[in-house]
Amino acid sequence: MRQVVLIAGGVGGAKFARGLRSALAEERASLTVVVNTGDDMWLTGVRVCPDLDSMMYALAGVNDTARGWGRAGESERVGAELKAYGVGWPWFTLGDLDLGTHLARTTLLREGLTLSEATAQLCLRWEGLRSGPRLLPATDDEAETWVETAEGTMHFEEWWVRTRASAAARRFVQRGVEQAAPAAGVVEAITEADLVILAPSNPVVSLGTVLGFPGAAGHPGVPGIAGIRQAVQQTRAPVVGISSIIGGAAVHGMAAQCLAALGQSCTAENVGLSFGARSRGGVLDTWLVDTEDASALTALEAGGLTARAVPLWMHDDGASRRLAEQALLSAHAAAEPRGHRPSAS
Ligand code: FO1
């Protein structure tokens, strides 16, 4: 049975995960999703895990597809009370149903479960997740992303939601990352995989916080969780990445501002080359860019990558599935040892 591992962040990663699950439905494959935990925080006494929750809700089919995060059919009665009491962040919406998730997770963590164990238990509740995929946090330790800005140092979510990334970010710090280890099962899943895919997620704060992402000369990068990058570099599986940047702009969210903090340009070409070919110390074999960025293929190939231009916009489940099928196809191409490609039949 083919073992597929997806490394992903929140919104873009969740959309792609739905497409990948559907593209794998015919074959008996096992899918594990390793999810970024850098956005996580303690807020009003509960542990909030935005990317794990976006992934869980989207795969369970209960996500708010309009907002891209949180639950469908949400209400905010408890949030209004918290605001009235002046606790928490008034600009950060904690919905009633969403708070149910955070209270359940916090209860399990307080009972001594790890984040992975708590995540597995939360997923059991969802019919839509019975047949998988398995969700794994990148780490069971707390390694929150904080942002050093001209307005001071703040949690990533404050920078992202309150300032809409308008406060110029100078550096991203993963607090506690030196002591953070890959969550149980993450390294094994990657090293034993038949295919590893990097989702079209924010290259800095969603994938970089898991795998590492370099800064340009003179700029700090993000280190990622020690051990996960090495597992991706050493796995026998082909590694296929998908750009979240199309035509020089981030598809979702504010990747441009994140890349700017690292002195990195916001192009599909530069992000692919910065993740780098495994043959040159990077983490990729293949990099998929949108047809709009086909001009990047030459430079990407020169960088040691196999590169393909395919439609990347995931405007509905069908598009997500087709993109996932392209990633699965690319894996076959990457898996063939170079120089022995069968003649085009
Ligand atoms: N995003 C917003 O723009 N505004 C919010 O008030 C907000 C609340 C929120 C609560 C829980 C949660 O899991 C996610 C939430 N998000 C909100 C989205 C969040 O900022 C993003 O999903 C990611 O963290 C960015 O990748």
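Among the numbered conditions (1) in contact (Cβ under 8 Å) with a residue 40 or more places away in the chain; (2) open to solvent by 60 Å² or more (accessible area, probe 1.4 Å); (3) under 28 Å from Leu20 (Cα atoms), the only one that Arg171 does not meet is (3). Screening region 58-71 for residues that are small (Gly, Ala, Ser) and in a helix (DSSP H, G or I) and picking the one that is surrounded by the fewest Cβ atoms within 10 Å (Cβ to Cβ) gives Ala60. Of all the residues in region 58-93, those that are away from the ligand (no atom under 12 Å from the Cβ) and touching a Ser or Thr at 6+ places or on another chain (Cβ under 6 Å) number 2. With respect to being within 15 Å of the ligand (Cβ to nearest atom) and of a type in the set (S, T, N, Q), Ser265 falls outside the description. Take Arg125 and decide whether it is open to solvent by 20 Å² or more (accessible area, probe 1.4 Å), charged (D, E, K, R) and either within 30 Å of Gly19 (Cα to Cα) or modelled with pLDDT of 95 or more (or both). Criteria met by Arg125. Give region 15-57 a look and list any residue that's open to solvent by 30 Å² or more (accessible area, probe 1.4 Å), within 15 Å of the ligand (Cβ to nearest atom) and within 17 Å of Gly128 (Cβ to Cβ), or say none. Residue satisfying the conditions is Lys15 alone. For region 137-153, filtering for residues that are out of contact with any helix residue (DSSP H, G or I) (no Cβ under 6 Å at 6 or more places or on another chain), open to solvent by less than 50 Å² (accessible area, probe 1.4 Å) and more than 13 Å from the ligand (Cβ to nearest atom) leaves 3.
Among the residues of region 228-252, just one is under 12 Å from Leu198 (Cβ atoms) and open to solvent by 30 Å² or more (accessible area, probe 1.4 Å), namely Arg229.
Filtered by the rule that a residue be in contact with a strand residue (DSSP E or B) (Cβ under 7 Å, 6 or more places away or on another chain) and farther than 17 Å from Glu192 by Cβ, region 17-32 gives Ala17, Leu20, Arg21, Glu27.
Residues of region 173-198 that are within 16 Å of the ligand (Cβ to nearest atom) and within 18 Å of Ala29 (Cα to Cα): Leu198 alone. Would it be correct to say that Ser166 is surrounded by fewer than 20 Cβ atoms within 10 Å (Cβ to Cβ), farther than 16 Å from Trp89 by Cβ and within 16 Å of the ligand (Cβ to nearest atom)? Answer is yes for this residue.
Which one is farthest from the ligand (Cβ to nearest atom), of the residues in region 94-112 that are open to solvent by 50 Å² or more (accessible area, probe 1.4 Å) and either of a type in the set (A, V, I, L, M, F, W, C) or in contact with an Asp or Glu (Cβ under 7 Å, 6 or more places away or on another chain) (or both)?
First, the residues of region 94-112 that are open to solvent by 50 Å² or more (accessible area, probe 1.4 Å): 97, 103, 107, 110-112.
From what is left, the residues that are either of a type in the set (A, V, I, L, M, F, W, C) or in contact with an Asp or Glu (Cβ under 7 Å, 6 or more places away or on another chain) (or both) are 97, 103.
Working: Leu97: 11, Leu103: 13 Å.
Among them, the one singled out is Leu103.
The values are calculated or read from the model by the stated rules, or taken from the named source; none is laboratory data. These figures come from a predicted structure and were not determined experimentally. Cβ: placed from backbone, ideal geometry, glycine included. Neighbour counts: every protein chain shown. Side chains are part of the model used for accessible areas, which takes the heavy atoms of the whole protein and leaves out ligands, DNA and RNA. Shrake-Rupley method; radii C 1.70, N 1.55, O 1.52, S 1.80 Å.
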